[in-house]
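The values are calculated or read from the model by the stated rules, or taken from the named source; none is laboratory data. Treat the numbers as computed from the prediction; the structure is a model and nothing was measured. Because the Cβ atoms are built from the backbone with ideal geometry, glycine has one as well, and the counts that use them run over all protein chains shown. These area figures cover heavy atoms from the full protein model, side chains too; ligands, DNA and RNA do not enter into them. Shrake-Rupley method; radii C 1.70, N 1.55, O 1.52, S 1.80 Å.
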Amino acid sequence: MQLRIYRFNPDTDAQPRMQDYDITPEAGDKKLLDVLIRLKSVDDSLSFRRSCREGICGSDAMNINGRNGLACLQSLDELKQPVVLRPLPGFPVIRDLIVDMTLFFAHYHSIKPYLINPESPPERERLQTPEQRERLNGLYECILCACCSAFCPSFWWNPDKFIGPAGLLQAYRFIADSRDTATAERLDYLDDVYRLYRCRTIMNCTEVCPKGLSPSHAIEQIRLALLKQSS
Amino acid sequence: MVRLFSGQRAWVAQRFTAVMLLAAVLAGLMWLLLGEPLDYTRWYALLTTPVGAVLTVLIFVMLAVHGWVGARDIVLDYVQPRGLRLALLGAILLVLAATLIRVVLVLATHGAT
């Protein structure tokens, strides 16, 4: 199997380069991450993030043949060779396939990704109707892998100001939660020319999400919620 | 200047003016197709009536609002240096304002004669 992998070591390299590898997958290798781990045993200078290897932690997001995805979910038999691997586009590279996600998580924290409810909690739990719970489906599953934000041109253009599809999906997850009482404050924060309205409805986010979620739908719902709030 | 029609207000204004301009284009097409052959006299007659003049000004106001939000978005997306960004936004505002003023002046001058 042939791979072309983006290599950059800030300590030794002035410029990034593409390195070619030829490796034979073994019988148990089904996903791209299996091959990368095997490659690491041959060339231990190759750096990439990985953890759960089953699409839950979101660590191994990378650009695979021009499209963002999770190496652990990418089947080998679907890949066109040579497999070109690059770090997530638009993010500063720390080393090889590892990117700096500081800004991404700063945006995530800015939307207050936790339930806000000053009322004292009931003895057991805050109950929801099945319909109220249903509204959270398609939102809570986000694993913050950043595949969507790193595939969003608006995020490439204004990464310091636009919250990005992942952050906005998370924002709507709490706006849509019947137990949260800070909807108005959340919407006021998002009503900004940069934070929300840099989205140009390109919909790359929805197209590329490895979990099959739709950040663009969540963004549309936030816009509608803002419209309802102001009318 | 960046925040002239900020956030939701700009988003709503852009969509509202888009719908209004679409209606204006359709109405204009109907007027073109159903009326007599289009010549200078017919244009003049339309634009010098009070209703025609007011509608024309309204269309240009909506065009300016729609154009401002769209052009501002393009500048915010693609132009990062602050000085160049402000200069471009200023130039766009100037062109839109000058166009509007010229439309009003032309209509007022000819309407008065």
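Taking the 1.4 Å solvent-accessible surface of segment B:21-74 as the whole, the part contributed by carbon and sulfur is 84%. Across chain A, Cα pairs under 8 Å and at least six residues apart give a relative contact order of 18 percent. Seen through its C-alpha gyration tensor, with square-root eigenvalues sorted a ≥ b ≥ c, segment A:82-192 comes out prolate because a/c lies at 1.5 or above while a/b is bigger than b/c. Taking chain A as the region of interest, the number of lysine pairs whose Cα atoms are within less than 27 Å, with members eight or more places apart or on different chains, is 14. Of the listed residues B:Val54, A:Val208, A:Val93, the order by accessible area with a 1.4 Å probe, largest first, is B:Val54, A:Val93, A:Val208.
With the charge dipole of segment A:72-231 set up from +1 on Lys and Arg Cβ and -1 on Asp and Glu Cβ about the Cα centre, the Cα lying farthest toward the positive end among the listed residues A:Gln229, A:Phe174, A:Ile202 is that of A:Ile202. Taking label points 7 Å from Cα along the Cα-to-Cβ direction, A:Thr181 and B:Ala97 give a separation of 4.7 nm.
Rolling a 1.4 Å probe over the protein heavy atoms of segment A:102-230, with every protein chain left in place, gives an accessible area that is 54 percent carbon and sulfur. Figure legend: label point modelled 7 angstrom from the Cα of A:Phe105 along Cα→Cβ; residues of segment A:132-155 with amide N under 16 Å from it are A:143-147. Taking max minus min of the alpha-carbon positions on each principal axis, segment A:2-99 gives extents of 38, 28, 23 Å, largest first.
Would you jot down the residues in segment A:139-159 that end up with at least 10 Å² less accessible area in the complete protein assembly than in the chain alone, with a 1.4 Å probe? Relative to the lone chain, where solvent access is computed with a 1.4 Å probe, segment A:139-159 loses at least 10 Å² at A:Trp157, A:Asn158.
Across segment A:131-146, rounded Karplus estimates of 3J(HN,Hα) from the backbone phi angles (6.51 cos²θ - 1.76 cosθ + 1.60, θ = phi - 60°) give 5, 5, 5, 4, 5, 7, 5, x, 10, 6, 6, 4, 9, 6, 7, 6 Hz, Gly and Pro being marked x.
Hydrophobic, long helices, defined as DSSP H runs whose alpha-carbon span along the helix axis is 20 Å or greater and whose mean Kyte-Doolittle value is at least 0.5, occur in chain B at B:7-34, B:50-78, B:82-112. Annotation for segment A:97-119 versus segment A:138-186: alpha-carbon center distance of 9 Å.
Distances longer than 25 Å among the Cα atoms of chain B: what percent of all pairs is that?
The calculated P(r) of chain B puts 35 percent of pairs beyond 25 Å.
Round to the nearest 10 and give me the degree value, 0 to 90, for the angle of helix A:32-42's Cα axis relative to the longest principal axis of chain A. Roughly 40 degrees between the two axes.
Separation of segment A:1-72 from segment A:192-208 is 29 Å, based on Cα centroids.
Provide the buried accessible surface between chains A and B in square angstrom, both chains summed, 1.4 Å probe, rounded to the nearest 100.
Details: alone 12310 and 7960 Å², together 18870 Å².
Chain pair A/B: roughly 1400 Å² of buried accessible area.
Contact order, relative form, for segment A:102-230: 32 percent (alpha carbon pairs under 8 Å, 6 or more residues apart, mean separation divided by residue count). Computed over chain B, relative contact order equals 38 percent, with contacts defined as Cα pairs under 8 Å that lie 6+ residues apart. Shape class for chain A, computed from the alpha carbon gyration tensor (a ≥ b ≥ c): prolate, with a/c not under 1.5 and a/b above b/c.
With a probe of 1.4 Å, find how much accessible area chain B has per residue, and write the answer as a whole number in Å². Mind dumping the intermediate values first?
Working: 7240 Å² over 113 residues.
Averaged over the residues of chain B, the accessible area is 64 Å².
The phi-based Karplus calculation (6.51 cos²θ - 1.76 cosθ + 1.60; θ = phi - 60°) puts the 3J(HN,Hα) values of segment A:94-103 at 8, 6, 6, 9, 9, 10, 7, 9, 4, 5 Hz, whole numbers, x for Gly and Pro.
Calculate the FRET efficiency for B:Ala45 and A:Leu227 from the Cβ-Cβ distance with a Förster distance of 45 Å, rounded to the nearest 0.05.
On the way: r = 41 Å, r/R0 = 0.91.
According to the calculation, E is roughly 0.65.
At a probe radius of 1.4 angstrom, the accessible area of segment A:99-208 per residue rounds to 48 square angstrom. With a simple spin-label model that places each label point 7 Å from the Cα along the Cα-to-Cβ direction, the separation between B:Phe16 and A:Asp11 comes to 6.0 nm. Post the alpha-carbon centroid distance, segment B:1-44 to segment B:83-113, in whole angstrom. Their Cα centres are 17 Å away from one another. If you sort B:Tyr78, A:Tyr6, A:Tyr189 by accessible surface, 1.4 Å probe, largest first, the order is B:Tyr78, A:Tyr189, A:Tyr6. Could you give the angle, 0 to 90 degrees to the nearest 10, between helix A:164-175's Cα long axis and the longest principal axis of the Cα atoms of chain A? Tilt relative to chain A: about 30 degrees.
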